[in-house]
Amino acid sequence: MTSKRLAPNERPVFPKRAIITAGMPYGNKSLHFGHVGGMFIHADIFARFLRDRIGKENVIFLSGTDCYGSPVMESYRRLQETGYKGTLEEYVLTNHRSQRKTLDNYGISLDFFGASAIGEAGEIHKRISARIFHTLYQNGYLKKMSIPQFYDEEKRMFLNGRQVTGKCPIPECTSDKAYADECSLGHQFLPSELIDPVSSLSNKRPVLKNVENWYFDLEYCIPMVKEYNDFLRKSTNTRKYQLETVEEFLKKPLLYVPRKYIEDLSELSQKLPPHRLTDEPKKPSVVFAFENLDDRDRAKSVLEAENIHYTSGKTLVPFRLSGNVAWGVPFPECEGLRDLTFWVWPESLWAPVSFTLAYLRGQGKEEDLSRWWYDDDAEVYQFIGEDNIYFYAIAQTGLFTGLQIPKGEKPEMGKIHLTHITANRHLLYMDAKAGSSSAIKPPMADELLAHYTKDQLRMHFMSLGLSSKSVSFKPQVFMAEADSTDTDAVLKDGNLITNVFNRLIRSCLYAIQSNYGGKIPKDEVSEPIRLLAGKAVLAYERHMYNHDFHRVSYTLDEFIRSVNKHWVNNVKAADAAGDAGLRRQLVSDCLYACKIMAILIHPIAPEGCEMFREYLRLGEELWDWKHILDPVSCYIADIGKHELKHLEPRVDFFKKHASQLAELQTI
């Protein structure tokens with residue numbers, strides 16, 4: 001099942017079962033704000049929503065630490081240079097525990113947070129990886145290839161991906177750093193294409209030596225990926241920019257040759273393998289398009305022999321499965337190749353399968369794996385950052401198709417069991433891209449909790465609109481005094497619940513205590529409030545289905561403020577006229593609306609909503625969407641005898657941070 005595009009005013013249909021994954025953080029770091037605010041919070045809100053919408057027994061939310069890979073090895077090596085004595089596994093385990101603690105601090109409600117190298121999940125991951133290799137091999141998608149790898153002659157060793165830095169060869173790439181075969185923006189290329197490579201071990205230019213490894217034939221999958229991308233564009237709610245990013249990689253292999261290096265274009269063109277030439281006079285380079293990578297590589301040899309500079313365009317290159325680093329998932333011995341490990345990127349793509357199996361084993365339901373991953377009634381939703389679109393939306397599409405369809409057979413891509421990818425745009429920091437390797441160091445996620453509550457941060461990150469554009473995070477408490485403004489955006493978004501909704505709940509409950517002995521009035525809800533609530537619920541559900549979280553925020557803001565205005569305007573009129581009937585109707589209307597608001601906010605700020613449920617003296621059935629538009633009385637056998645929990649003065653359902661309360665007391 002793939003999430004379809006909705007018609008206007010159509011109510012969405014959700015799967016019977018759902019897995020939600022959030023991209024795995026590397027095991028060499030604690031979490032900075034971008035990990036949590038750019039991805040985990042969105043995944044958690046959707047997971048919590050689905051638990052309410054389709055039943056918590058039908059939802060698995062999982063992620064884990066990506067333990068392997070050259071970034072982890074390089075960080076560990078540098079830490080050892082400072083005197084660290086622990087093992088590599090101990091180093092990763094420490095970071096894994098730190099990551100889990102941070103996610104707990106933000107209320108990220110993972111059912112399973114594993115580690116690809118540790119414990120039972122790690123052992124399961126080894127077995128799953130071996131099984132996947134054998135399936136892809138039997139299905140004909142794998143081939144041995146001898147491709148150059150960087151070698152440091154001074155250190156007398158092959159270099160892993162992060163021990164080589166240079167400039168991305170993709171034209172107009174804005175990446176601030178490129179490594180052996182990928183840049184920081186996710187562009188893939190062959191090691192021989194990296195511009196100005198430097199070894200991080202010797203600070204000298206490494207040489208290239210051929211190394212034999214196993215590769216997945218991703219070039220063969222171009223028609224399949226294109227067909228699937230076209231299917232998603234026509235029939236689903238997949239984000240448009242995500243589809244366009246995929247499309248950029250599906251072009252024929254290109255070479256860009258600057259005009260200044262060409263003496264006779266016609267003569268050069270005749271020396272190259274069959275190609276299509278694009279010569280636009282106003283462009284600084286001419287473009288040669290080839291049918292396949294072999295023709296492109298022969299053309300590169302011709303250009304290099306002629307001493308002509310060139311750059312390569314985006315295309316699908318063979319996707320490496322194996323490597324020769326010691327810290328990795330063991331690779332099966334096959335056709336004489338031994339002592340290899342899996343390259344981290346492919347094994348991280350199927351790590352969620354391993355984690356699902358580990359979770360199900362803990363539940364005594366190991367045999368249910370296919371019901372979650374390969375069933376038409378189930379959906380796997382994966383939340384990622386835009387830098388990883390290549391891996392999840394392209395390489396994974398090829399790999400997962402190859403696991404289901406032997407090479408040579410034509411798959412119907414709309415019926416292949418693939419995951420629903422939701423790629424968020426960059427979450428910037430003070431208008432600049434921030435990451436662990438960036439010049440601007442972002443605050444760690446836990447640092448923010450010293451100044452804001454998790455609910456305030458969850459409301460803010462949800463509202464930023466990362467579905468369509470990169471957005472800058474500008475917390476006032478981290479801004480220089482000269483740059484600070486009168487409004488803190490985090491507090492502004494949080495105020496919807498800490499101020500407006502909080503006040504509305506208290507007003508309703510205090511009115512019930514004061515006027516009706518703590519028992520809910522029996523009046524019917526007025527038609528205008530029913531219509532307002534119905535409109536909000538449908539809009540919210542559609543936006544959640546489309547993962548348009550900022551629109552969820554807009555819907556909540558409009559609904560809550562409209563009902564609050566209704567309360568403020570009418571309570572004054574009722575009091576002035578001494579109209580008991582108007583007051584009863586107002587309380588009935590606003591308590592009904594508060595009940596619906598609590599259901600809608602429950603995935604975002606659950607603790608305050610649970611507190612509200614406790615004061616209503618209702619059970620978990622409150623969160624069941626089957627009754628979302630029903631009155632409060634539908635949950636109560638005898639409403640005339642049902643007394644709410646007594647609310648003491650100045651009790652808050654959605655609290656502000658202690659530091660904010662201290663500031664208010666000094667004003």
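The values are calculated or read from the model by the stated rules, or taken from the named source; none is laboratory data. In this text the structure is predicted, and so the values were computed from the model without any measurement. Neighbour counts are summed over all protein chains in view; Cβ atoms, including those assigned to glycine, are modelled from backbone coordinates with ideal geometry.
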Are any residues in the stretch 281-307 part of a helix (DSSP H, G or I), more than 22 Å from residue 223 (Cα to Cα) and of a type in the set (Lys, Arg), and if so, which ones?
-> 298, 300
Going by the conditions given, is residue 39 in contact (Cβ under 8 Å) with a residue 12 or more places away in the chain, of a type in the set (A, V, I, L, M), in a helix (DSSP H, G or I) and farther than 20 Å from residue 356 by Cβ?
-> no
Of all residues in the stretch 52-87 being surrounded by 19 or more Cβ atoms within 10 Å (Cβ to Cβ) and of a type in the set (A, V, I, L, M, F, W, C), which is nearest to residue 326 (Cα to Cα)?
-> 73
Select the helices (runs of 4 or more DSSP H) contained entirely in the stretch 563-667, then report the ones holding at least 2 residues which are of a type in the set (D, E, K, R) and free of Cβ contacts under 8 Å to residues at least 24 places away in the same chain.
-> 606-616
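Would you check if residue 103 is at pLDDT 95 or above, under 25 Å from the mean Cα position of the chain (by Cα) and not in a helix (DSSP H, G or I)? Walk me through how you get there before you give the answer.
Working: at pLDDT 95 or above: yes; under 25 Å from the mean Cα position of the chain (by Cα): yes; not in a helix (DSSP H, G or I): no.
Taking the combined requirement at face value, the residue does not satisfy it.
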May I ask you to list the residues in the stretch 159-179 that are at pLDDT 75 or above, in a loop (DSSP other than H, G, I, E, B) and over 17 Å from residue 395 (Cβ atoms)?
-> 159, 168, 169, 171, 173, 174, 175, 177
Do we have any residue at all in the stretch 561-569 that's over 30 Å from the mean Cα position of the chain (by Cα), over 26 Å from residue 453 (Cα atoms), surrounded by 22 or more Cβ atoms within 10 Å (Cβ to Cβ) and of a type outside the set (Asp, Glu)?
-> no
Would you please list the contacts, defined by Cβ atoms under 9 Å and residues six or more apart or on different chains, that run from a residue in the stretch 264-280 that is in a helix (DSSP H, G or I) to a residue that is among the small types (Gly, Ala, Ser)?
-> 271/299
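Each row is one residue, and each column tells you yes or no for (1) under 25 Å from residue 393 (Cβ atoms); (2) in contact (Cβ under 8 Å) with a residue 60 or more places away in the chain.
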| position | (1), (2) |
| --- | --- |
| 313 | yes, yes |
| 316 | yes, yes |
| 320 | yes, yes |
| 324 | no, yes |
| 328 | yes, yes |
| 333 | no, no |
| 339 | no, no |
| 352 | yes, yes |
Could you tell me whether residue 509 is crowded, with 17+ Cβ neighbours inside 10 Å, within 22 Å of residue 601 (Cα to Cα) and in the same structural domain as residue 641 (by TED's automatic domain parsing)?
-> yes
All positions within the stretch 73-85 that are out of contact with any Phe, Trp or Tyr (no Cβ under 6 Å at 6 or more places or on another chain) and in a helix (DSSP H, G or I) | 74, 75, 77, 78, 79, 80, 81
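For (1) over 19 Å from residue 494 (Cβ atoms); (2) of a type in the set (S, T, N, Q); (3) touching a Lys or Arg at 6+ places or on another chain (Cβ under 9 Å), each residue gets a yes or a no:
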position	(1), (2), (3)
563	no, no, no
582	yes, no, no
593	yes, no, no
596	yes, no, no
614	yes, no, yes
625	yes, no, yes
633	yes, yes, yes
Could you list all residues from the stretch 520-543 that are basic (Lys, Arg) and buried (at least 16 other Cβ atoms within 10 Å of the Cβ)?
-> 530, 542
Members of the stretch 102-139 found to be touching a Gly at 6+ places or on another chain (Cβ under 7 Å) and either surrounded by fewer than 23 Cβ atoms within 10 Å (Cβ to Cβ) or among the hydrophobic types (A, V, I, L, M, F, W, C) (or both), listed by number = 113, 115, 121, 136, 139
So which of 557, 523 ends up being part of a helix (DSSP H, G or I), outside the structural domain of residue 39 (by TED's automatic domain parsing) and in contact with a helix residue (DSSP H, G or I) (Cβ under 9 Å, 6 or more places away or on another chain)?
-> 557
